[in-house]
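Input: a single structure, listed below in C-alpha cells.
Just so it is clear, none of the values below were taken in a lab; they were calculated from the coordinates. Just so we're clear, the structure is a prediction, and the values are computed from it rather than from any experiment. Cβ: placed from backbone, ideal geometry, glycine included. Neighbour counts: every protein chain shown.
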Amino acid sequence: MKLNSIGLNADKSKELSNDLNTLLANFQRYYQNLRGIHWNVKGKGFFDLHVKFEELYTDANAKVDMIAERVLTLGGIPQHTFEDYIANSKVPVGKNVSKDEEAIRLIVDSLKELLIIERRILNASDEANDEGTNAMMSDFITEQEKTVWMMKAWLAEEI
C-alpha cells in the first residue's frame, strides 16, 4: 500500500479528494443560491432574512475554501470552473427566488443534498483513517442539521 505525504493510503485519498470535489461543486451552487435569495428576497421578513442569508452565504463561502484546501491536502486538484460545478452538483438551482417561504425551502432542500454527500464522505474518511476529513464532515453535518431544524421551525414544519 502506497502512502501519501500525510501518511494516508494514496488510493483512498484520491477517492476522497474526488468525493470532496463533488461536495465542492454542490457547495458552490448552494452558495450562489444563498447570494441570490439574499439579493432578491422581498416581503415583511426582508430585514431578518436578508441578514440571515448573508450569514449563511458567508459561512458557505468559508466552507468552500475549507473543502478546496482539504482536496489539496489529500493531493487532489480542487474543481474551480462553473462547468465543473454544473456537471457535478445535485443541489437545486434557485433562480429568481424572492418569496420568503420558497427561499427557506430552497435552503432546506439544498442542505439535504449536502448532508447526503457529507455523510458518504464521513463514512469513507472513517474507513480511510482520515481524521482531518472526518472531523470536517462531522462539524459540517452538525451545523447543517441545526440549520435545517431552524429553517423547518421557521416554516412551522416538523423535521
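Treat every Asp and Glu Cβ in the range 86-159 as -1 and every Lys and Arg Cβ as +1, leave all other atoms uncharged, and give the resulting dipole magnitude about the Cα centre to the nearest 20 debye. The partial results should precede the final answer.
Details: 9 positive and 15 negative charges, 74 e Å.
Rounded to the nearest 20 debye, it is 360 debye.
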Review point. Of Gln28, Met136, His80, whose Cα points farthest to the positive end of the dipole of the range 18-154 (charges on the beta-carbon: +1 Lys, Arg; -1 Asp, Glu; origin at the Cα centre)?
Key: Gln28
Practice item. Taking the Cα atoms of the chain, report the difference between the largest and smallest coordinate on each principal axis, in whole Å and largest first. Key: 59, 32, 21
Check your understanding: With axes computed from alpha carbons, what is the tilt in degrees of helix 131-154 against the longest principal axis of the chain, rounded to the nearest 10 within 0 to 90?
Key -> 10 degrees
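Using unit Cβ charges (K, R positive; D, E negative) and no other charged atoms, how large, in debye to the nearest 20, is the dipole of the chain about its Cα centre?
Numbers: 19 positive and 26 negative charges, 87 e Å.
Using Cβ point charges on Lys, Arg, Asp and Glu, the chain gives about 420 debye.
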Point to revise | Theoretical ellipticity at 222 nm over the chain - DSSP helices of four or more residues, -39500 (n - 2.57) apiece, nearest 500 | key: -26000 deg cm²/dmol
Revision key, fill the gap. The helix 46-73 Cα axis meets the longest alpha-carbon principal axis of the chain at an angle in degrees, between 0 and 90 and rounded to 10, of 10 degrees
**Study point:** Karplus (6.51, -1.76, 1.60) ³J(HN,Hα), θ = phi - 60°, over the range 26-34, in Hz, Gly and Pro reported as x
**Key:** 5, 5, 5, 5, 4, 4, 5, 4, 5
